[in-house]
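Worksheet: one structure, shown below.
The values are calculated or read from the model by the stated rules, or taken from the named source; none is laboratory data. If you're wondering where the values come from, they're calculated on a predicted model, not measured in any experiment. Here the Cβ positions follow ideal geometry from the backbone for every residue, glycine too, while neighbour counts run over all protein chains shown. Each accessible area value is taken on the protein alone, full model and side chains, heavy atoms only, with ligands, DNA and RNA left out. Shrake-Rupley method; radii C 1.70, N 1.55, O 1.52, S 1.80 Å.
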Amino acid sequence: MQNILERKSIKNIDFNCDLAQSFGIYKNSSETRLLDYVSSVNISCGFHAGDPLTIKEALLEAKEKNVVVGAHIGFDDIQGFGYRKMDLDSDELEALVMYQVGALMTFAKAYHMEIEHVRPHGAMYRQAAEDLETSKTIAKAIRKCSKWLVYYGATGENLATAGEDENIQVCPEVHLEKIYDEAGNIDFTARDLENTQISIQRLKDLLAHSQVTNNVGGKTVVRADSIHFSNKLSNAKDLIIQAREIVEPLPYNYKNAQKSGWVE
């Protein structure tokens with residue numbers, strides 16, 4: 001699917017980052033440094049990270065900054081921070097997703113907020129990108145919570161197929177620091193780039209031609225509605241500041257509303 005996509009320019013794109021990536025005494029003091037520059041955030045739901053007070057504070061910070069809020073779901077693995085694979089059957093995975101999404105939806109409503117999307121974290125994100133059945137189970141669980149929620153995930157055929165099969169909207173995202181293969185899938189074994197200049201050139205290529213540089217020296221056309229910015233990178237803030245000088249980010253649903261003619 002990826003190789004036959006049309007090369008075209010991208011005029012509007014979402015900038016996305018994670019929040020509430022703390023738990024108890026384990027604090028992530030730097031995670032809010034990107035909050036002033038994104039158009040959407042993913043708030044941890046208490047499994048891989050995020051205790052109740054941390055979640056509440058993240059919701060209120062997002063509300064103050066007027067950014068779109070989504071649920072950041074993961075495996076129940078706080079010790080491994082959600083980066084360890086878990087072998088769950090489809091019923092277990094579906095229940096895990098619904099529990100987390102439902103908790104954040106209810107929490108958000110207490111502060112007169114709505115969540116608009118769901119994004120997997122860590123090992124769950126990778127498993128969904130590599131295994132279609134995992135991605136379809138996540139999509140099915142999201143739809144059971146609300147048919148209006150958008151499923152954020154790694155750009156690629158699995159996300160697109162899961163969205164089509166389960167009849168929900170998907171938001172394919174790109175990482176400027178990740179290495180992609182010729183098919184446009186993330187090479188999860190490769191080390192992330194932390195070179196701002198290279199990442200900014202990648203952004204320009206993506207916006208101009210919907211392309212990412214691949215690991216065989218060429219470029220691959222991908223679908224991209226969001227760019228995920230990771231706080232783990234040493235150059236994270238510098239990168240997102242320079243990225244915003246190139247394009248002003250818009251949330252996924254706002255961009256779709258523009259396309260439909262509802263907003264100008």
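Quick notes on this structure:
- Lone qualifier among G74, G70, G82 - being modelled with pLDDT under 85 and buried (at least 18 other Cβ atoms within 10 Å of the Cβ): G82
- Test result for L93, surrounded by 16 or more Cβ atoms within 10 Å (Cβ to Cβ), touching a Ser or Thr at 6+ places or on another chain (Cβ under 7 Å) and either of a type in the set (S, T, N, Q) or farther than 25 Å from L5 by Cα (or both): yes
- Filter result for the condition that a residue is under 26 Å from A243 (Cβ atoms), in contact with a helix residue (DSSP H, G or I) (Cβ under 8 Å, 6 or more places away or on another chain) and of a type in the set (G, A, S), over A160, A190, A139, A129: A129
- Being surrounded by fewer than 19 Cβ atoms within 10 Å (Cβ to Cβ) and modelled with pLDDT under 95 is true of D192.
- Test result for R244, under 15 Å from D14 (Cβ atoms) and either at pLDDT 95 or above or open to solvent by less than 50 Å² (accessible area, probe 1.4 Å) (or both): yes
- Single match in V150, V170, V174 (criterion: under 25 Å from L239 (Cα atoms) and β-branched (V, I, T)): V174
- Neighbours by Cβ (under 6 Å, 6+ apart or cross-chain): first from region 193-207, among the charged types (D, E, K, R); second exposed (fewer than 14 other Cβ atoms within 10 Å of the Cβ): E194/S234
Okay, residues lined up against (1) touching a strand residue (DSSP E or B) at 6+ places or on another chain (Cβ under 7 Å); (2) buried (at least 19 other Cβ atoms within 10 Å of the Cβ); (3) part of a strand (DSSP E or B):
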| site | (1), (2), (3) |
| --- | --- |
| Q201 | no, no, no |
| A208 | no, no, no |
| V212 | yes, yes, yes |
| S230 | no, no, no |
| K237 | no, no, no |
| L250 | yes, yes, no |
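- Residues that are more than 14 Å from the chain's Cα centre (by Cα) and open to solvent by 10 Å² or more (accessible area, probe 1.4 Å), drawn from region 159-179: A160, T161, E164, D165, E166, N167, I168, I179
- Region 38-67, residues that are more than 21 Å from R244 (Cβ to Cβ), of a type outside the set (A, V, I, L, M, F, W, C) and either in a loop (DSSP other than H, G, I, E, B) or open to solvent by less than 70 Å² (accessible area, probe 1.4 Å) (or both): S44, G46, H48, G50, D51, T54
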